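The values are calculated or read from the model by the stated rules, or taken from the named source; none is laboratory data. Treat the numbers as computed from the prediction; the structure is a model and nothing was measured. Here Cβ is always computed from backbone atoms with ideal geometry, including for glycine, and neighbour counts include all displayed protein chains. Quick note on the areas: whole protein, heavy atoms, side chains included, nothing else; ligands and nucleic acids left out. Shrake-Rupley method; radii C 1.70, N 1.55, O 1.52, S 1.80 Å.
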Amino acid sequence: MSSKSNTSDRDEHGPHAKRPRKGGLSYANQGLKTDVDFLSRGDSDRPIAVILTPLRERQQQILSRNLKAAGAKILQFDERKSEDEQPATEGLVVVTDNPKKARRVVENREETMKNVVFVETKWATRVLAEQRWVPIQPYVLEQTKATQHESSTVPESDEINLDTALEASSKSRKNADTLPVWCRKKTCENSDIAEKREFLEGLPRFLCERCTITQAIYEAPNNELCKLLEIIEKKRRLEQAGGSEAEADIRARAYRRASAALKCVPFKLQTVQDAQALHSLGPRVLSIVQEYLMNGTVREVQLMETDHRLRILTQFQSVYGLGYVSARRYYDELRITSMDQLVEKSSRDESSEANVLVRYLGYIDKLAHLRWKDAVAVVDMVSQAANVTGEDDLHLRFQLCGGFRRGESSGHDVDILYCRQEKYAHDCSSVMKELISRLERTGLIVKVLRESSDTNGWNEVRYHARSSRAIFRYAHDVVHAIAKYKGCFFRLDLVGVRDAFEFCFTTISWSGSTPFQRDLRWWCEKKKGWTFNEHGVFDRESGQRVKLNPEPKSEMDVFAALGLTYRAPFERSC
DNA sequence: AAAAAG
DNA sequence: TTTTTGA
DNA sequence: CGAAAC
């Protein structure tokens, strides 16, 4: 898109403008047609400058990277003063969670700045979610004008400070000239029903074409409903609703898909009609949605809390090695009706089946959820242990995947991928055994629950899955283990990619989320006639590897080669 | 359970 | 109405 | 080889 055409209709991008609808995608552009520089035109022709302060580190990283990509100029203000490069920018937006502190920081830094506007981080999130300019007015926290501070007596406490500022802001809001252009326009509320409906209907069919930005940073607006739907999903699986396991799975999955679809909606659903406009919500799910909107609760969900069997099954099913089938068998046939009984009886069980279970159950009461920060630290430890031991360097690179890569704040397991560094990529031998032993020696891995076999020697593997008939040279090395960090135990999954060129496909696959992956693979099948898996892309007919050019080296390359708009990991949390 | 294909 | 739903 | 689990 040329910048010239932008200039001509710049005014129409303001808060209130009734913009001409482009291809039916008005509310947000979650489809393929992305206006990359939608933040680059603010007041005059200067880019909009955005300061992020003070925010949690991870949030700041994510917002900063993406606002910049959208064309905004990012000014990093931390406590210590940095150097020069003053932006003589008119429109300065300060994105912050703490207006008082932010104001102090900004004032210390810069006297010449005019028209500073403090906005909630929600604004930035929405801008990115909708991929377009969003009026900041409803999100404004406080407005500061340098001239007004000088005239007013210096207030000591923050409370007073805030009060006067608010007063000033309401005055200056009327005084249009002192404000950046986007503030001069009147409020544009997102309660415009027609616009909402149009947005919902305009969402692309496949989850891999949408983005879910709010998930990683904030609780999404429809989070409560999503959680309820996911509880119903679990319940349907536990109860084996609908006869066979497969039928239960298909029906349960519909609820998961509905939840996933809702996670791409940047505003809170008010009516069933809103929900109806969404893809993958049919009559059954809508009746649940209606129940929720009317009562705030769903009876089927409450059963999960009241019913003893369902409660115990839920506990069992969370144990490594126990799926829905085994959980039911233990409860219904073996009459094991509590976690304590499970621990006791399985320890007396001699079968090899129970072996893994026992290994895991030994840690059951010590297992803890990790925070994002810890997961990142764990990757560091793994990397250290693998490469710096005074022994031969394994030349590995590591990649955090799973929920933590998508920016989720906590999780019960850490997924780490590894392969040889580029210089050593020709070597496809397995290092799994060596890596495990090094991690055991450093004390990170406490117990190996399961590891893939045949890692020695050539190990050429041909997979002839019925549906794909795909062929690849090496199976991935997989380790499921229990690890210990800071006195906490948790599940650690390691995946070794022996053909290093497959790494970008493996990274996409292991970064999830599950619904995102399903739709990505389904999209490949439908739109391209290709089969996508953790090894690469294969032609459905011939089973041959599809030669993508240029050969993808990163996730971004893969999206590009497929013809999909790139979605950052945190945009895949559906 | 929902949507696409037949 | 039948088929498909990730690998 | 198929079921179950991840």
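Which of the residues belonging to region A:220-251 are outside any loop (DSSP other than H, G, I, E, B), more than 16 Å from DNA strand C (Cβ to nearest atom) and open to solvent by less than 20 Å² (accessible area, probe 1.4 Å)? Across region A:220-251, the qualifying residues are A:LEU225, A:CYS226, A:LEU229, A:ILE232, A:LYS235, A:LEU238.
Cβ separations smaller than 9 Å between residues 6+ apart or across chains give the following pairs from region A:266-281 residues that are under 13 Å from A:MET294 (Cα atoms) to residues that are part of a loop (DSSP other than H, G, I, E, B): A:LEU269/A:PRO221; A:LEU269/A:ASN222; A:LEU269/A:LEU278; A:GLN270/A:SER191.
In the condition set (1) within 16 Å of DNA strand D (Cβ to nearest atom); (2) in contact (Cβ under 8 Å) with a residue 24 or more places away in the chain, A:ARG236 is compliant with all but (2).
Can you confirm whether A:ALA327 is within 16 Å of DNA strand D (Cβ to nearest atom), among the small types (Gly, Ala, Ser) and out of contact with any His (no Cβ under 9 Å at 6 or more places or on another chain)? Considered against the rule, which asks whether it is within 16 Å of DNA strand D (Cβ to nearest atom), among the small types (Gly, Ala, Ser) and out of contact with any His (no Cβ under 9 Å at 6 or more places or on another chain), A:ALA327 comes out as yes. Taking the condition without any contact (Cβ under 8 Å) to a residue 40 or more places away in the chain and in contact with a Lys or Arg (Cβ under 7 Å, 6 or more places away or on another chain), does A:TYR331 pass? Judged against the criteria, A:TYR331 is a match. For the structure I just gave you, tell me whether A:ASP493 is away from DNA strand B (no atom under 16 Å from the Cβ), closer than 23 Å to A:ARG405 by Cβ and open to solvent by 50 Å² or more (accessible area, probe 1.4 Å). Answer is no for this residue.
Do you know which residues across region A:510-562 are part of a helix (DSSP H, G or I) and open to solvent by less than 20 Å² (accessible area, probe 1.4 Å)? Spell out the reasoning first.
Quick first cut of region A:510-562, residues part of a helix (DSSP H, G or I) only: A:510-511, A:514-528, A:555-562.
A:SER511, A:PRO515, A:PHE516, A:GLN517, A:ASP519, A:LEU520, A:TRP523, A:CYS524, A:GLU555, A:VAL558, A:PHE559, A:LEU562 - these are the residues of region A:510-562 that are part of a helix (DSSP H, G or I) and open to solvent by less than 20 Å² (accessible area, probe 1.4 Å).
With respect to A:ALA254, is the statement that it is within 12 Å of DNA strand B (Cβ to nearest atom) and either open to solvent by less than 40 Å² (accessible area, probe 1.4 Å) or not in a helix (DSSP H, G or I) (or both) true? Taking the combined requirement at face value, the residue does not satisfy it. Among the residues of region A:283-316, those that are under 20 Å from A:ALA246 (Cα atoms) and either loosely packed, with under 14 Cβ neighbours inside 10 Å or within 16 Å of DNA strand C (Cβ to nearest atom) (or both) comprise A:ARG284, A:VAL285. Just one of the numbered conditions (1) of a type in the set (Gly, Ala, Ser); (2) more than 13 Å from DNA strand D (Cβ to nearest atom); (3) closer than 19 Å to A:ASP249 by Cβ is not true of A:GLY296: (3).
Please tell me if A:ARG311 is under 27 Å from A:ASN223 (Cβ atoms) and not hydrophobic (A, V, I, L, M, F, W, C).
Working: under 27 Å from A:ASN223 (Cβ atoms): yes; not hydrophobic (A, V, I, L, M, F, W, C): yes.
It is true that A:ARG311 is under 27 Å from A:ASN223 (Cβ atoms) and not hydrophobic (A, V, I, L, M, F, W, C).
Scanning region A:503-549 for residues that are among the polar types (S, T, N, Q) and within 17 Å of A:ARG406 (Cα to Cα), we see that the one that is nearest to DNA strand B (Cβ to nearest atom) is A:THR514.
Filtering region A:254-279 to residues that are within 14 Å of DNA strand C (Cβ to nearest atom) and modelled with pLDDT under 95 leaves only A:HIS279. Taking the conditions (1) more than 16 Å from DNA strand B (Cβ to nearest atom); (2) buried (at least 17 other Cβ atoms within 10 Å of the Cβ); (3) within 25 Å of the chain's Cα centre (by Cα) in turn, A:ALA275 satisfies each one other than (1).
Enumerate the helices (runs of 4 or more DSSP H) found wholly within region A:332-421, keeping only those where 2 or more residues are of a type in the set (Gly, Ala, Ser) and buried (at least 20 other Cβ atoms within 10 Å of the Cβ). First the steps, then the outcome.
Values: elements: A:339-348, A:352-361, A:372-387, A:402-405.
In region A:332-421, A:372-387, A:402-405 are the helices (runs of 4 or more DSSP H) which contain 2 or more residues that are of a type in the set (Gly, Ala, Ser) and buried (at least 20 other Cβ atoms within 10 Å of the Cβ).
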